[in-house]
Amino acid sequence: MPQTIAVAGKGGVGKTTLTGMLIQYLAQQKKGPILAVDADANSNLNEVLGVEVEMTLGDIRDELENSETAKVSPIPKGMSKQDYTEFRFDSALVEEDDYDLLVMGHTQGKGCYCFVNGLLSTQVARRAQNYNYVIVDNEAGMEHISRGILPNVNIVILVSDSSRRGIQAVGRIARLIPECGLKPQKVGLIVNRAPKGILADGIQEEIEKQGLTLLGVVPQDDEVFAYDSEGTPTTELPAENPVKTALRKIVDQLQL
């Protein structure tokens with residue numbers, strides 16, 4: 001079974017950027033193959049990685065739901081709904097040299113994610129032995145991985161900015177983990193965008209107050225901001241970029 005790493009944090013803290021760099025670094029270290037799952041409806045992991053996504057699992061759900069009322073069904077005659085679903089799943093899997101990417105995406109209207117979660121669970125279970133790692137860029141809550149839809153979560157990486165409110169937010173996420181029935185071997189915190197890579201005393205105190213294990217600190221960096229602003233994949237940052245350097249150190253300490 002693959003080692004499953006879930007990355008979580010409230011929006012706007014650079015969680016997706018760090019997730020993309022994590023995937024890139026593991027791939028460069030020949031730790032693949034890796035399955036990357038973008039489970040945040042507001043995320044853009046594919047843009048960080050610099051890959052195009054034409055189909056999401058949410059798109060498949062909407063397509064199948066609409067097929068029930070469409071005048072002409074997209075499901076070919078003689079093909080079962082299950083077989084068609086698996087066929088479309090393969091279409092949603094973006095295959096790169098060292099990793100594959102799945103995007104859960106939005107659903108139309110008031111549609112829930114029950115079907116999407118079930119599809120992901122079934123298909124990942126079928127393919128799990130093909131991967132060394134499953135890395136999930138998760139939303140702030142743990143809904144998408146809380147009902148056994150992925151292999152057992154081994155590591156949860158919480159990402160916060162260097163604000164007291166940010167640390168309090170990931171503290172609340174940390175308390176959700178056992179409530180969701182997850183039993184990771186390690187739960188740790190990365191503080192991102194810290195001025196000069198240094199934490200204020202008050203932030204360090206808040207980390208201790210929330211009972212969080214600090215994995216490392218990633219500095220604020222103008223080059224990352226420029227890449228994001230220009231729409232350039234941040235995985236294309238030079239290897240000596242201080243954000244990449246800090247993340248590599250954290251990953252090496254985790255001994256993934």
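The values are calculated or read from the model by the stated rules, or taken from the named source; none is laboratory data. All figures in this text were calculated on a predicted structure; none of them were measured in a lab. When we count neighbours, we look across all protein chains shown, and the Cβ atoms used for this are built from the backbone with ideal geometry, even at glycine. Protein only, heavy atoms only, side chains kept; ligands, DNA and RNA dropped before computing areas. Shrake-Rupley method; radii C 1.70, N 1.55, O 1.52, S 1.80 Å.
Among the conditions (1) surrounded by fewer than 18 Cβ atoms within 10 Å (Cβ to Cβ); (2) part of a helix (DSSP H, G or I), the only one that residue 206 does not satisfy is (1).
Flag set for residue 60, criterion: surrounded by 20 or more Cβ atoms within 10 Å (Cβ to Cβ), of a type in the set (A, V, I, L, M) and in contact with a Ser or Thr (Cβ under 9 Å, 6 or more places away or on another chain). In the set (1) touching a Ser or Thr at 6+ places or on another chain (Cβ under 8 Å); (2) open to solvent by 20 Å² or more (accessible area, probe 1.4 Å); (3) of a type outside the set (A, V, I, L, M), residue 164 fails one condition alone, (1).
Please tell me if residue 218 is of a type in the set (A, V, I, L, M), in contact with a Pro (Cβ under 9 Å, 6 or more places away or on another chain) and in contact (Cβ under 8 Å) with a residue 12 or more places away in the chain. It is true that residue 218 is of a type in the set (A, V, I, L, M), in contact with a Pro (Cβ under 9 Å, 6 or more places away or on another chain) and in contact (Cβ under 8 Å) with a residue 12 or more places away in the chain.
Being among the aliphatic types (A, V, I, L, M) and at pLDDT below 85 is a description that applies to residue 124. The residues of the range 130-170 that are outside any strand (DSSP E or B), farther than 11 Å from residue 8 by Cα and at pLDDT 85 or above, listed by number, are 130, 131, 132, 161, 162, 163, 164, 165, 166, 167, 168. If you go through the range 235-255 and keep only what is surrounded by fewer than 20 Cβ atoms within 10 Å (Cβ to Cβ), part of a loop (DSSP other than H, G, I, E, B) and either at pLDDT 95 or above or among the small types (Gly, Ala, Ser) (or both), you end up with 238, 239, 240, 241. Within the range 1-44, the set of residues being open to solvent by 30 Å² or more (accessible area, probe 1.4 Å), farther than 22 Å from residue 177 by Cβ and not in a helix (DSSP H, G or I) comprises 29, 30, 31, 33, 44. Residue pairs whose Cβ atoms lie under 8 Å apart, separated by 6 or more positions or on different chains, with the first residue in the range 223-237 and under 22 Å from residue 26 (Cα atoms) and touching a residue at least 12 places away in the same chain (Cβ under 8 Å) and the second of a type in the set (Phe, Trp, Tyr) and open to solvent by 40 Å² or more (accessible area, probe 1.4 Å), are 233/227; 234/227; 236/227; 237/227.
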